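For reference, the structure discussed in these notes is given below.
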Amino acid sequence: NLIDERLQVEYAKYKAELFAQERLFASNKKYIEEQLHPFIEESTQMDAGFNYLIKLSTCRRINELEFCQQLLEKTGIAVFTESGFSIKKAEIDNYWIRISLAVQEERFHKAIDRLRLYLFEMEEQVVK
């Protein structure tokens, strides 16, 4: 049957795309953990979806709105914190950052590298 064949072809394409995305998400998550491990205090499990939540030690020195604004201004990276997805406001110095893993690998690595440099700069300012 022609309809059954088309459905099988479309299903096979969909399945291949899902597996490719899963590999991308896992690879990007691993890169975050490797590059930002000195700063990550907590992180979420990857149960489903493509968003990853982390708590950074450097966020204990700056409130979430300032962190988001400075990160965007200095690195061009936009992130959401938990207050953007919750009725309850996050604690001023203890909040989750939401990062999408659904970004092409090279572009994602460049953004995480910029984030890493920014976090090291924040650490240096505290030492001074």
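Any residue in segment 57-67 that is in contact with a strand residue (DSSP E or B) (Cβ under 6 Å, 6 or more places away or on another chain), at pLDDT 80 or above and open to solvent by less than 40 Å² (accessible area, probe 1.4 Å)? There is at least one residue in segment 57-67 that is in contact with a strand residue (DSSP E or B) (Cβ under 6 Å, 6 or more places away or on another chain), at pLDDT 80 or above and open to solvent by less than 40 Å² (accessible area, probe 1.4 Å). The residue list Glu17, Glu73, Glu33, Glu5 contains one member that is part of a helix (DSSP H, G or I), modelled with pLDDT of 90 or more and more than 16 Å from the chain's Cα centre (by Cα), which is Glu73.
Summed over segment 39-62, the residues that are closer than 17 Å to His109 by Cβ and not aliphatic (A, V, I, L, M) give a count of 3.
Note on segment 111-128: residues that are surrounded by fewer than 12 Cβ atoms within 10 Å (Cβ to Cβ) and either under 13 Å from the mean Cα position of the chain (by Cα) or among the basic types (Lys, Arg) (or both) amount to 1.
Here are some residues: Lys15, Lys29. Which one is open to solvent by less than 100 Å² (accessible area, probe 1.4 Å) and farther than 21 Å from Phe108 by Cα?
Lys15
Yes or no: segment 48-62 includes at least one residue that is among the hydroxyl-bearing types (Ser, Thr, Tyr) and either farther than 22 Å from Gln125 by Cβ or without any contact (Cβ under 8 Å) to a residue 60 or more places away in the chain (or both).
The answer is yes, given that some residue of segment 48-62 is among the hydroxyl-bearing types (Ser, Thr, Tyr) and either farther than 22 Å from Gln125 by Cβ or without any contact (Cβ under 8 Å) to a residue 60 or more places away in the chain (or both).
The values are calculated or read from the model by the stated rules, or taken from the named source; none is laboratory data. Here the structure is a predicted model, which is why all the values come from computation and not from measurement. Heads up, the Cβs are rebuilt from the backbone with ideal geometry, glycines too, and the neighbour counts pull from every protein chain shown. Accessible surface areas use protein heavy atoms only, side chains included; no ligands, DNA or RNA. Shrake-Rupley method; radii C 1.70, N 1.55, O 1.52, S 1.80 Å.
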